[in-house]
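Heads up, the thing below is written out as structure tokens.
The values are calculated or read from the model by the stated rules, or taken from the named source; none is laboratory data. Source: prediction; values computed, not measured. Here the Cβ positions follow ideal geometry from the backbone for every residue, glycine too, while neighbour counts run over all protein chains shown.
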Amino acid sequence: MKKTIITISITIFIGLIITIIYNQNPIDITPPHLTQKNQQEEYNNQEQPQPEDLQPVNTNQVSYTLQNDELNITYNNGNDWINVPVLKDALFAGAYSGNEQELIDDSYVLTENRAAFLYQGAGVQVKYSLDQGETWQDSTVAESFPAMRFRKLDFVNDQFGYVIISGDKTMSSEYSVAYLTHDGGQTWEKTADSGILRLIADGGFVDEKTGFLSYGIINPDRPDLYVTQDGGKTWSQTMFNIPSKYYQVFVQAETPVKEGDHLAVLLNQGPNGDYQGGKVKGKFISEDNGKSWEFSTEVEPHETEQG
């Protein structure tokens, strides 16, 4: 009898211990599908990061933003926005390591009548719209191209435009080439190689026949400007008559422009210039459509336009 009482007592004691443990650590027997549903509801109830309110990069009526890692454009100071269907990374692809909060200078055209953005994917393309972003097209500039360093896109008129790009850069040399369009950017044709492997500094066309490529960005000691007068079929080096006072002072040519009945170009002092603070430029004039250039005047830093 005594043994029976002891056995019953032990059994009751063990049962109490199990009850206490169960109440302190209840076993979760919620079915898996309900557990996943509850976890999803908890995730949905958590505050998710909200995209930034879009702000134009400048005060222009026609502008853009790269906020939220995408390209959006506006035609009314940011009151309305239009998404550009191009990956942000493609806009900076290639040998570029600068600021990605703003588009690369000269790599795009954004006006009331045209939005065009140069980018690199499998090759080099232009994403463009001629109806303020209602529809978008892609045109191929080059089917394949090494990682771009220098890139420039511009239109001289509604139909004629150009792209100048460089790639395959080593320490002091690279490949560079210009492409032209005569149908508003739908198709592009490659111009002849200039044969110059120096790093390109600038370039551009002033009309369908006349274009320029300016070389030398590492310690230039003289302007190295090449001209075509046959739409890129041939290129030849231009000649500068530089007064002795400015020899090895004005050393790098910017892109020439039309000015009345002649052409004008600014020569800057390159990256190491120190003449009057290093910002003064020399203005040169050409009367033979860019073959030769004569000194005209000094241009102060605040004079942003040639002429």
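Taking interchain pairs and intrachain pairs at least six residues apart, which have beta carbon atoms under 6 angstrom, with the first residue in segment 138-155 and within 12 Å of residue 175 (Cβ to Cβ) and the second in a strand (DSSP E or B) and of a type in the set (S, T, N, Q)? These pairs meet every condition: 148/120; 149/166; 150/166. Quick one: in segment 185-216, which of the residues that are among the charged types (D, E, K, R) and in a loop (DSSP other than H, G, I, E, B) is surrounded by the most Cβ atoms within 10 Å (Cβ to Cβ)? Here the residue is 198.
How many residues does segment 54-105 hold that are outside any helix (DSSP H, G or I) and in contact with a helix residue (DSSP H, G or I) (Cβ under 8 Å, 6 or more places away or on another chain)? Number satisfying all stated conditions: 8.
Residue 45 fulfils the conditions (1) more than 30 Å from residue 138 (Cβ to Cβ); (2) at pLDDT 95 or above except for a single criterion, (2). Residue 219 passes every criterion in (1) buried (at least 18 other Cβ atoms within 10 Å of the Cβ); (2) within 23 Å of residue 272 (Cα to Cα) apart from (1).
Write out, first by first residue and then by second, each pair whose Cβ atoms fall under 6 Å of each other, whose residues are 6+ apart or on separate chains, and whose first residue, in segment 256-272, is over 14 Å from residue 223 (Cβ atoms) and at pLDDT 95 or above while the second is surrounded by fewer than 17 Cβ atoms within 10 Å (Cβ to Cβ) and charged (D, E, K, R). Final answer for the pair search is 262/287. Here residue 277 fits the description: surrounded by fewer than 20 Cβ atoms within 10 Å (Cβ to Cβ) and more than 30 Å from residue 209 (Cα to Cα).
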